[in-house]
Amino acid sequence: MLQDLPTLSHLLKVLQQVPYLASKNLYRVTGHFLTMNEAQMEQFCGALLAAKKKLAKCVTCFYWREISSECIFCSSQKRDTTIICVVETWQEILAIEKTKGYNGLYHVLGGSISPLEGIGIEDLTIASLIERVEKNDIAEIILATNQTPEGEATAIYIARKLKDKNITISCLARGLPVGSSLEGMDRLTVFKALSERRPF
Ligand SMILES: [Zn+2]
């Protein structure tokens, strides 16, 4: 069937490479693209290309920044520069910022230590984090990695590395669902998890 429609078949193949796009959604998403008019399609492709061209990662915290400006967190004069909240991905920063209950800095690890997926310590930004702690006046590190075995293992590894640095190491409040990440939680739960944080 599809071999008679090489263009459609190619589109499906390309979309199939998008992680998180479950196979049952693949046809629906493809269908949606096919109903777009040309202007919508141009806007869509333009947004992707613009993101590629105009966004970069902050070399300090690894959150996104516009290439034309400084990192909104690291360059801010209003934030508490003595606290760093360590997260796995930038999406968690969005969840934390929504609570308006945190005013420190961030550090995006880029994932968690996962031998099964071939993600090792050197694939994450842990070395940069240690360097940040060594070079700056940091009083507290909040380990806000996901409540998964990989997230926990990553937190333990970082805590061990920071053990002798004379800083407070804390983690999120107990009671968060196992396997959870801040990204999928409601604002109040994230707020509580952070404000009731405990020593690691
Ligand atoms: Zn930054």
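The values are calculated or read from the model by the stated rules, or taken from the named source; none is laboratory data. All figures in this text were calculated on a predicted structure; none of them were measured in a lab. Heads up, the Cβs are rebuilt from the backbone with ideal geometry, glycines too, and the neighbour counts pull from every protein chain shown. Surface areas here come from the heavy atoms of the whole protein model, side chains and all, with no ligands, DNA or RNA. Shrake-Rupley method; radii C 1.70, N 1.55, O 1.52, S 1.80 Å.
Quick look at the values:
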{"item": "Pairwise label distance in nanometres, LYS98 with LEU12, each label 7 Å out on the Cα-Cβ vector", "result": "3.5 nm"}
{"item": "Residue-wise HN-Hα coupling along segment 76-85, computed from phi with Karplus coefficients 6.51, -1.76, 1.60 (Hz; x: Gly, Pro)", "result": "6, 8, 9, 9, 6, 7, 9, 10, 10, 9"}
{"item": "Carbon plus sulfur fraction of accessible area for segment 22-89, probe 1.4 Å, in percent", "result": "58 percent"}
{"item": "³J(HN,Hα), Karplus 6.51/-1.76/1.60, whole Hz, each residue of segment 133-150, x for Gly, Pro", "result": "5, 6, 8, 10, 8, 9, 9, 9, 10, 9, 8, 10, 6, 5, 7, 10, x, 5"}
{"item": "FRET efficiency for ARG79 and CYS45, using Cβ-Cβ distance with R0 set to 35 Å, rounded to 0.05", "result": "0.50"}
{"item": "Accessible surface, the chain, averaged per residue in Å² (probe 1.4 Å)", "result": "64 Å²"}
{"item": "Whole-percent carbon and sulfur share, accessible surface of segment 141-200, 1.4 Å", "result": "49 percent"}
{"item": "Heavy atoms of HIS32 accessible to a 1.4 Å probe, total area in Å² rounded to 10", "result": "100 Å²"}
{"item": "For the chain: relative contact order, % (alpha-carbon pairs under 8 angstrom, 6 or more apart)", "result": "17 percent"}
{"item": "Rounded Å value of the spacing that divides the Cα centres of segment 68-106 and segment 21-46", "result": "33 Å"}
{"item": "Partners for LYS53 among aspartates and glutamates (Cα-Cα distance below 15 Å; same-chain residues under 8 apart left out)", "result": "GLU66"}
{"item": "ILE119 long-range amide H proximity, modeled H, under 5 Å", "result": "SER114"}
{"item": "Segment 13-50: chymotrypsin sites (Phe, Trp or Tyr not before Pro) in DSSP coil with no more than 14 other Cβ atoms inside 10 Å", "result": "TYR20"}
{"item": "Within straight-line cross-link reach of LYS161, aspartates and glutamates at Cα separation under 15 Å, skipping those fewer than 8 residues along the same chain", "result": "GLU122, GLU131, GLU134, GLU140, GLU152"}
{"item": "Options ILE121, TYR102, ASN136, ranked by Cα towards positive dipole end of segment 96-136, top entry (Cβ charges)", "result": "TYR102"}
{"item": "Karplus (6.51, -1.76, 1.60) ³J(HN,Hα), θ = phi - 60°, over segment 159-170, in Hz, Gly and Pro reported as x", "result": "4, 5, 5, 9, 3, 8, 8, 6, 10, 7, 10, 10"}
{"item": "Residue among ALA127, ALA22, ALA159 with the largest mean-square fluctuation in a Gaussian network model of the chain, springs linking Cα atoms under 10 Å", "result": "ALA22"}
{"item": "Probe 1.4 Å - accessible area at ARG197, Å² to nearest ten", "result": "80 Å²"}
{"item": "Cut-off under 5 Å, modelled amide H: who pairs with GLY104 long-range", "result": "ASP80"}
{"item": "Modelled FRET efficiency - R0 35 Å, SER23 with ILE67, Cβ distances, 0.05 increments", "result": "0.50"}
